[in-house]
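Student: Pasting a structure below so you can have a look.
Bear in mind these aren't lab numbers, they're just calculated from the coordinates by the rules spelled out. Everything numeric in this text was worked out from a predicted model, so none of it was measured. We place every Cβ from the backbone using ideal geometry, glycine too, and count neighbours over all the protein chains shown.
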Amino acid sequence: MTREQQEQEAEVHRPLPRIAITPHKVRVLITEGKGLEIDWEDGHRSAWSFALLRDACPCATCVDERKKEGRSIGESKPKSADLLPMYKPPARPASAQAVGRYAIQFVWLDGHSGGIYSWEYLRRNCQCSECKLVALESAGGIQ
C-alpha cells in the first residue's frame, strides 16, 4: 500500500467529533414510505431512502455479500436479465427501534433484521451533496 493510499485510509477512519454523530432529531418515515431523516447536533441534516438503507445494511452477511459482488455501500444488486423479471416491492421496514443511545435497527418487510445502523455509520454515509463531495475529494477523485 502506498503512502497516499495509507493517508486516504486513515482519513476514512478518522474519528468524527461527538457533536457530528449525536442526533438532535430522528424521523423514521415508515407511513410515508420515504426513509430516515436525522438532524445532527452540529446543525447538519441527513436523509436516506429506505432502498438505500436496505442496500447499505451493515450486518456481516450483507457486508460480505457486497464485497463479493464488488458493490459499494448503498449500491443495489444488478437487475437480472430475465425475460420476465419478478415484481419486487420497494424496500421498506416493518418497524424501527433505537439500539441503546448509539444506533437504530430496522426490521425489514423482507424479514431481514440483522443490521444495526450506528449514528457514526449513518453520518459517515450521509447522502447529501456536501458529504458526497467531501468523500469524493478524500478518495482522490477531485483535486
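Student: Between ARG124, ARG14, ARG45, which gets the highest mean-square fluctuation from a Gaussian network model of the chain, Cα cutoff 10 Å?
Tutor: ARG14
Student: Rounded to two decimal places and with Rh computed the Kirkwood way over Cα pairs, what is Rg over Rh for segment 71-122? Don't skip to the end; give the middle numbers.
Tutor: Numbers: Rg = 14.3 Å, Rh = 13.2 Å.
Radius of gyration relative to Kirkwood radius: 1.08.
Student: Size of segment 21-60 along its principal axes in angstrom, Cα-based, largest extent first?
Tutor: 28, 27, 10
Student: Which lysines, if any, have their Cα less than 26 Å from the Cα of LYS25, not counting same-chain residues under 8 positions apart?
Tutor: Answer for LYS25, where 26 Å is the Cα cut-off: LYS34, LYS132, listed by chain and number.
Student: While we're looking at this one, here's another question. I'd like the Karplus ³J(HN,Hα) series for segment 24-40: coefficients 6.51, -1.76, 1.60, θ = phi - 60°, whole numbers in Hz, and an x wherever there's a Gly or Pro.
Tutor: 3J(HN,Hα) across segment 24-40, in whole Hz: 8, 8, 10, 10, 9, 9, 5, 4, 7, x, 8, x, 10, 10, 9, 9, 8.
Student: At a Förster distance of 22 Å, what's the computed FRET efficiency of ARG3 paired with VAL134, Cβ-Cβ distance as r, to 0.05?
Tutor: Given R0 = 22 Å and the Cβ-Cβ separation, E is 0.55.
Student: Report the label-to-label distance for GLU37 and GLU65 in nanometres (one decimal), using points 7 Å from each Cα along the Cα→Cβ vector.
Tutor: Simple spin-label model gives 2.9 nm for this pair.
Student: Sum -39500 (n - 2.57) across every DSSP H segment of at least 4 residues in the chain, then divide by the residue count to get the 222 nm mean residue ellipticity, nearest 500.
Tutor: My calculation for the chain gives -8000 deg cm²/dmol from helical runs alone.
Student: While we're on this one: Note down the magnitude of the dipole of the chain about its Cα centre, charges +1 on Lys and Arg C-beta and -1 on Asp and Glu C-beta and zero elsewhere, to the nearest 20 debye. Mind showing how you got there, number by number?
Tutor: Working: 20 positive and 19 negative charges, 71 e Å.
Dipole magnitude for the chain comes out near 340 debye.
Student: Let me know the Rg and Dmax you get for the chain when you use only its Cα atoms, in Å.
Tutor: Rg, Dmax (Cα atoms, Å): 16.4, 50.
Student: Next question. Pop out the ³J(HN,Hα) list for segment 98-104 in order, Karplus 6.51 cos²θ - 1.76 cosθ + 1.60 with θ = phi - 60°, rounded to Hz; leave Gly and Pro as x.
Tutor: The phi angles translate into 5, 10, x, 10, 10, 6, 10 Hz.
Student: Restricting to Cα pairs below 8 Å that are 6+ residues apart, what does the relative contact order work out to for the chain? Please round to a whole percent.
Tutor: Working: 168 pairs, mean separation 29.4, N = 143.
RCO, the chain: 21 percent.
Student: Residue by residue through segment 62-76, which ³J(HN,Hα) values in whole Hz follow from phi under the Karplus form 6.51 cos²θ - 1.76 cosθ + 1.60 (θ = phi - 60°), with glycine and proline marked x?
Tutor: For segment 62-76, the Karplus curve yields 5, 4, 4, 4, 4, 4, 4, 8, x, 9, 8, 4, x, 7, 6 Hz.
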